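Participant: Here it is, the structure in full.
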Amino acid sequence: MALYNFKKITVVPSAKDFIDLTLSKTQRKTPTVIHKHYQIHRIRHFYMRKVKYTQQNYHDRLTQILTDFPKLDDIHPFYADLMNVLYDKDHYKLALGQINIAKNLIDNVAKDYVRLMKYGDSLYRCKQLKRAALGRMCTIIKRQKQSLEYLEQVRQHLSRLPTIDPNTRTLLLCGYPNVGKSSFINKVTRADVEVQPYAFTTKSLFVGHMDYKYLRWQVVDTPGILDHPLEDRNTIEMQAITALAHLRAAVLYMMDVSEQCGHSLQEQVDLFRNIKPLFANKPLIIVANKCDVKRIAELPEESQKIFETFEAEGFSVIETSTLTEEGVIQVKTEACDRLLAHRVDTKMKGNKVNEVLNRLHLAMPTKRDDKERLPFIPEGAVARKKRMEVDTPKRKLERDLELELGDDYILDLQKYWDLMNSSEKYDKIPEIWEGHNILDYIDPDIMRKLEELEKEEELREAAGEYDSEPESEDEEMMEIRRLAQQIREKKKLKILQSKEKDTRGPRMPRTAKKVQRKVLEKEMTDLGLDMTNKDDAHYVRRSRSVTRKRKRDESETPKSTARSRSSSRTPRDVSGLRDEKMVKKVKIMAKKAQKKMNRLGRKGEADRHIYDLKPKHLLAGKRKSGKTQRR
Amino acid sequence: MRIEKCYFCSGPIYPGHGVMFVRNDCKIFRFCKSKCHRNFKKKRNPRKMRWTKAFRKASGKELTVDNSFEFEKRRNEPVKYQRELWNKTVDAMKRVEEIKQKRQARYIMNRLKKSKELQKAEDIKEVKQNIHLLRAPHAGTPKQLEDKMVQKLQEDVAMEEDS
């Protein structure tokens, strides 16, 4: 069931504010610049837009008001009646009607003036039309001033009404003023209603909530009712009557036995009789409040009889005192139980129940044999329960021991250990040995496994696995090894020598260099050959005469003419020169020519390479001194 | 207090050393030093890092299966303390350790023996191929030949004289 929430109604502006709002909005949101020389359709469109915009704003706002305010026919009759009581149904409907009419009138005005604007032929005419339209709309709203004010007040009051759910479990408190209804609700719920000695402290309905049997209950506190006919009742009392009439609740009729409220018991009984028709179909409890002042038993006989008649009629009477809280809970439980029962009854009588009942089925297990199966309670639980009742002294705790010993106390948890031999409790247990965890080796079977291992080990030793083998090397092998070692060393030396040579660039072939006799002979002696007496070996260099003689012996004449010419050709450095003097001079000249080349570091005549194309001293810096003829 | 094993190098982690890393799937990795930790973070496989025990066992450089390894096993059910059991265990541990070391050493020695054969063969080859670096092949042969010839002549002369 949706809670009636009247807090979401939009604010109803006053007439003046409404007009200001809409007009300023029109000015802000529509274009403002227009000139005489614009095309006429543009001018017309401009002003038509303004008129339509204003109309739309008014229309929207008014429609919103109309939809937000609740329609008295559509809401729960309790609220409809309450609103009637508070705001007068006719007035309310009238106000809303007026608003509706205003809305329609505004629409018509706008339509008319837009039609007229089509025939406007100048800026001035269109502007006047717009002014007229807007003016008329604002006048309409001005005339609605009263309605708008009224609706705003209604809205404010509505939003402050307590949210009473008419369909849920409710307890209704009623009775004369000052009997203790508000005190009761304060006691039972978390509501904080004003309690004062004067009558009509509570002027409207108040709601409090409480929990009972895991359900939420509403408790409604009403203003006090006086005893006069319905027509004479004022608004405040009417609220209470409305609540009584429409809410399906358990009624708690509060009576003041001590007559401190200012009304006699008889008056209260009379009131009860008068409003009894309102209690039809509602569980009723008569609450005799303020019993701490006067109890029913202390009353005179006739008064007591009244209560007996009540009991006879079937209404339970309960004595309470909100001051001492006596009987309050009793009232509450009884009221709630009776209401629940009543509600269940009503539901059972209704139509929807059958659908639900058809689907429910309570399964009872059938007995399979006659064995009695009692609930099982373990011994420990029974013992504990007994102990709790008897309150025997508990066993001595560590805490008690600590308090006893004071400073000497040492926490010794080892005494609680449960070992095979209790004498071993205070042993220092080793954990690590040589990088191994002892816990990893712990095994009850360890001795057996160790024996097996030892046996295996013996077998292996017997098989000779662990004997170290003798060095089975004969002399020949040792000789070979020694030689191999020497060979390797020699190789390394050769590699080192070749690394030390440090040749870079093109290398001369080995045959270009002449091998020296001493080196050769040394090498060969190292290798074991006999190099003595090798003076006439073929590799020894002889003087020229010997070679020449040899040559001449072998061949007398040159083999070709080319060869002979070559021997008679003059050498290049003396060709074309007459005598010795000239040769000397030429030599000097050649050297002189070479000097420049050497100085410039040139490889030859054709070497034109410039090492420094852009010398810094010429190209950088300011033009301080020097010429700029060339760079 | 336990001595744990490093996940990467399988070395011992004494209390107060190393780093423990817990992954999102609740697997715990312990490292003895930052070297192992950093290698792990680089996602290197310990079975391929030559200095780890995992590599050595995976590539057969060390003894893997043996009865003496069955003694050291992490047990999940704790045994209540009994003095003689603990004493016996400590003695057994010492003996088992001895045997384990012996067997491991033997295994490694056997592995290394093979290289000796190979080295022998290499020496012989070396000498055969490169003996010319030390000695000329026919170093003393002329002299030998000469001596032989001289001897032969002498013998011939002797024979002639005889006959």
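Every read-out reported here was derived from the displayed coordinates using simple, explicitly stated rules and does not represent laboratory data. Since this is a predicted model, take the numbers as computed values, not measurements. Ideal geometry is used to build each Cβ from the backbone, glycine not excepted, and the neighbour counts take in all protein chains shown.
Participant: Taking 29 Å as the cut-off for C-alpha to C-alpha distance, list the pairs among A:16/A:111; B:41/B:100; A:118/A:145; A:415/B:100; A:490/B:61 that go past it.
Facilitator: Listed pairs above 29 Å: B:41/B:100; A:118/A:145; A:415/B:100; A:490/B:61.
Participant: While we're looking at this one, here's another question. Taking each residue in A:49-56, count the Cβ atoms of any other chain within 10 Å of its Cβ, then average. What number comes out?
Facilitator: If you average over the peptide's residues, the count of other-chain Cβ atoms is 0.
Participant: From the C-alpha coordinates alone, can you work out the Kirkwood hydrodynamic radius of the range B:1-87, in Å?
Facilitator: In the range B:1-87 this quantity evaluates to 15.2 Å.
Participant: Over all directions, average the projected area of the Cα convex hull of the protein assembly as shown and note it in nm².
Facilitator: 116.4
Participant: I'd like to know which of A:594, A:157, A:574 lies farthest towards the positive end of the charge dipole of the protein assembly as shown, counting +1 on Cβ of Lys and Arg and -1 on Cβ of Asp and Glu.
Facilitator: Projecting each Cα onto the dipole axis, the largest value belongs to A:574.
Participant: If you stretched the chain out fully between residue A:41 and residue A:589, how much longer would it get, using 0.36 nm times the residue separation minus the C-alpha to C-alpha distance?
Facilitator: Once the chain is fully extended between residue A:41 and residue A:589, it gains 186.1 nm.
Participant: Averaged over its residues, how many other protein chain Cβ atoms are within 10 Å of peptide B:114-126's Cβ atoms?
Facilitator: Counting other chains' Cβ atoms within 10 Å and averaging over B:114-126 gives 3.
Participant: For peptide A:527-536, how many partner chain Cβ atoms fall within 10 Å of a residue's Cβ, on average?
Facilitator: For this peptide, the per-residue mean of nearby foreign Cβ atoms is 3.
Participant: Which of the aspartates and glutamates could a cross-linker span from residue A:103 if the Cα-Cα distance has to be under 12 Å and same-chain partners fewer than 8 positions apart are dropped?
Facilitator: Reachable aspartates and glutamates: A:60.
Participant: If amide H atoms are built 1.01 Å from N in the plane of the peptide, which residues on other chains or at least 5 residues away come under 5 Å of the amide H of residue A:219?
Facilitator: A:171, A:208, A:209, A:210
Participant: In degrees from 0 to 90, rounded to the nearest 10, what is the angle of the helix A:517-526 Cα long axis to the longest principal axis of chain A?
Facilitator: Orientation of helix A:517-526: about 70 degrees from the principal axis.
Participant: At q = 0.11, 0.16, 0.22, 0.23 Å⁻¹, what is the log10 ratio I(q)/I(0) for the range A:85-191, with the Debye formula run over Cα points and no solvent?
Facilitator: -0.62, -0.89, -1.14, -1.19
Participant: Can you give me the span-like helices of chain B, meaning DSSP H runs with 24 Å or more of Cα extent along the axis and Kyte-Doolittle mean at or above 1.6?
Facilitator: Helices meeting the criterion: none.
Participant: In the protein assembly as shown, with Lys and Arg counted as +1 and Asp and Glu as -1 at Cβ, which of these residues, A:484, A:146, A:109, has the Cα nearest the positive end of the dipole, that is, farthest along it?
Facilitator: It is A:484.
Participant: When we measure straight from the Cα of residue B:152, which lysines land under 28 angstrom away, once same-chain ones fewer than 8 places off are left out?
Facilitator: Once the sequence-local lysines are set aside, what remains near residue B:152 is A:534, B:143.
Participant: How about residue A:581: which lysines have a C-alpha closer than 21 Å to its C-alpha, ignoring those fewer than 8 places off in the same chain?
Facilitator: Answer for residue A:581, where 21 Å is the Cα cut-off: A:591, A:592, listed by chain and number.
Participant: What do you get for the angle between helix A:89-117 and the principal long axis of chain A? Use alpha-carbon atoms, 0 to 90 degrees, nearest ten.
Facilitator: Relative to chain A, helix A:89-117 is tipped by roughly 50 degrees.
Participant: Using the Cα centre as the reference, give the magnitude of the dipole from point charges on the C-beta atoms of chain A (Lys, Arg: +1; Asp, Glu: -1; all else neutral), rounded to the nearest 20 debye.
Facilitator: Roughly 14060 debye for chain A.
Participant: Which pairs, out of A:36/A:130; A:203/A:294; A:492/B:113, put more than 18 Å between their alpha-carbon atoms?
Facilitator: From A:36/A:130; A:203/A:294; A:492/B:113, over 18 Å: A:203/A:294; A:492/B:113.
Participant: Same structure again: Which FRET efficiency, nearest 0.05, do residue B:131 and residue B:61 yield, Cβ-Cβ r, R0 41 Å?
Facilitator: For residue B:131 and residue B:61, the calculated efficiency is 0.70.
Participant: Arrange the peptides A:131-142, A:269-280, A:532-543 so that the one whose residues have, on average, the most other Cβ atoms within 10 Å appears first.
Facilitator: Descending packing order for the listed peptides: A:131-142, A:269-280, A:532-543.
Participant: With the dipole of chain A worked out from charges on the C-beta (+1 for Lys and Arg, -1 for Asp and Glu) around the Cα centre, which of A:286, A:525, A:240 lies farthest toward the positive end?
Facilitator: Checked the options; the winner is A:525.
Participant: If packing is taken as the average count of other Cβ atoms within 10 Å, what order do A:368-377, A:215-224, B:25-34 fall into, highest mean first?
Facilitator: A:215-224, B:25-34, A:368-377
Participant: To the nearest 10 degrees, how steeply does helix A:145-159 sit against the main Cα axis of chain A, on a 0 to 90 scale?
Facilitator: 80
Participant: Shifting gears a bit: Let me have the relative contact order for chain A, percent, based on Cα pairs under 8 Å that are six or more residues apart.
Facilitator: Normalised by residue count, the contact order of chain A is 9 percent.
Participant: Separate question: Length gain on complete extension for the stretch residue A:326 to residue A:214, per 0.36 nm per residue less the alpha carbon to alpha carbon distance?
Facilitator: Length gained between residue A:326 and residue A:214: 38.0 nm.
Participant: In addition: Once the other residues with Cβ under 12 Å from the Cβ of residue A:415 are scored (Lys, Arg +1; Asp, Glu -1), what is the net sum?
Facilitator: Net charge around residue A:415: -2.
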